[in-house]
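What follows is one structure encoded as structure tokens, with my remarks underneath.
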Amino acid sequence: MSDLILETRQLTKEFKGFTAVSKVDLSVVRGSIHALIGPNGAGKTTCFNLLTKFLEPTRGAILFNGQDVTGERPAQIARRGIIRSFQISAVFPHLTVLENVRLGLQRKLGTSYHFWKSEKSLESLDGRARELLAEVGLEPFANEQAVNLPYGRKRALEIATTLAMDPELMLLDEPTQGMGHEDVQRVAMLIKRVSVGRTVLMVEHNMGVVSTIADTITVLQRGAVLAEGSYEEVSANPLVMEAYMGTVDGQLEGAHR
């Protein structure tokens with residue numbers, strides 16, 4: 001099997017004359033953490049929307065495990081194992097933490113829409129749900145309503161729910177956005193931990209997170225690839241420094257959505 005799990009070839013999205021994503025060639029290596037960064041308006045989230053088919057590309061191709069999936073619908077993409085989280089916290093607030101993860105597991109039972117079935121029919125999922133909660137450090141909160149979790153732990157719950165869908169490729173859209181320093185570090189280490197044996201593609205604005213956990217970084221500017229490489233390589237690139245309008249001791253000051 002190829003080392004590449006995801007490729008884009010000349011991926012382009014135009015909106016009435018405005019090019020949001022321009023001829024992007026992206027290669028994501030299986031088993032890696034790959035970060036998309038760039039200044040405000042660089043096209044990162046639009047790129048994610050193209051990969052998950054929330055938007056249709058104007059031109060170009062998307063390949064997953066060597067197969068062209070450009071024409072597939074969002075549900076087909078998800079069934080292939082490309083599972084995405086969003087910038088905005090997306091948990092069911094009045095379900096327990098365990099119930100949230102169990103919903104992600106339900107799809108495999110084929111009972112996702114069987115609302116008339118007894119809740120007892122889902123108890124077979126509890127063991128796996130608790131394993132996933134333990135993986136993200138939430139097992140002590142299994143019976144807590146999600147609404148009561150601090151923001152950082154809600155993001156951890158989203159990751160657990162994403163893992164419940166057994167992703168081959170996890171797409172994380174700004175997973176540390178809006179967090180305090182302590183939560184940022186906790187979630188960054190969580191992503192590093194759960195990435196073992198999986199592939200992660202993430203949009204992230206926090207350079208501390210990117211420098212700590214990303215194997216490869218692609219820098220976008222005005223919808224096009226500006227640079228790619230390790231953090232050391234891209235942070236020393238004069239074009240990248242200029243794009244971020246300033247450096248501190250040769251390091252990027254920061255990145256924004």
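For VAL210, state whether it is touching an Asp or Glu at 6+ places or on another chain (Cβ under 6 Å), β-branched (Val, Ile, Thr) and either without any contact (Cβ under 8 Å) to a residue 12 or more places away in the chain or under 24 Å from LEU132 (Cβ atoms) (or both). Criteria not met by VAL210.
Taken over segment 191-201, the criterion of being over 12 Å from LEU163 (Cα atoms) and either in contact with a Ser or Thr (Cβ under 7 Å, 6 or more places away or on another chain) or at pLDDT 95 or above (or both) is satisfied by LEU201 alone.
Taking first residues from segment 231-257 that are under 17 Å from ALA35 (Cβ atoms) and small (Gly, Ala, Ser) and partners that are in a loop (DSSP other than H, G, I, E, B) and at pLDDT below 50, the Cβ contacts under 9 Å between residues at least 6 apart in sequence or on separate chains come to SER235/GLY250; ALA236/GLY250.
Find the residue count for segment 26-40, including only residues that are touching a residue at least 60 places away in the same chain (Cβ under 8 Å), surrounded by 15 or more Cβ atoms within 10 Å (Cβ to Cβ) and not hydrophobic (A, V, I, L, M, F, W, C).
Pass one, segment 26-40, residues touching a residue at least 60 places away in the same chain (Cβ under 8 Å): 26, 28-40.
Filter once more, so that each one left must be surrounded by 15 or more Cβ atoms within 10 Å (Cβ to Cβ): 26, 28-30, 32-39.
Checking the rest, the ones that are also not hydrophobic (A, V, I, L, M, F, W, C) come to 30, 32, 34, 38-39.
Qualifying residue count for the region: 5.
Can you pull out the residues in segment 222-239 that are in a loop (DSSP other than H, G, I, E, B) and of a type in the set (Gly, Ala, Ser)?
Going residue by residue through segment 222-239, those that are in a loop (DSSP other than H, G, I, E, B) are 222-223, 230, 236-237.
Answer for segment 222-239, where residues must be in a loop (DSSP other than H, G, I, E, B) and of a type in the set (Gly, Ala, Ser): GLY223, SER230, ALA236.
Scanning segment 80-123 for residues that are at pLDDT below 70 and among the basic types (Lys, Arg) returns ARG107, LYS108, LYS117, LYS120. For segment 157-183: of the residues being over 17 Å from LEU105 (Cβ atoms), within 15 Å of the chain's Cα centre (by Cα) and of a type outside the set (Ser, Thr, Tyr), which is surrounded by the fewest Cβ atoms within 10 Å (Cβ to Cβ)? Here the answer is GLN177.
For segment 20-38, the candidate set comprises residues that are of a type in the set (Val, Ile, Thr) and modelled with pLDDT of 95 or more; within that set, the residue that is nearest to the chain's Cα centre (by Cα) is ILE33. Among the criteria (1) farther than 15 Å from LEU26 by Cβ; (2) in contact with a Pro (Cβ under 9 Å, 6 or more places away or on another chain), the one VAL203 does not fulfil is (1). Just one residue in the set LEU50, LEU55 is closer than 18 Å to LYS16 by Cα, surrounded by 15 or more Cβ atoms within 10 Å (Cβ to Cβ) and over 15 Å from the mean Cα position of the chain (by Cα); that residue is LEU55.
The values are calculated or read from the model by the stated rules, or taken from the named source; none is laboratory data. This is a predicted model, so every value here is computed, not measured. Neighbour counts run over all protein chains shown; Cβ positions are idealised from the backbone, glycine included.
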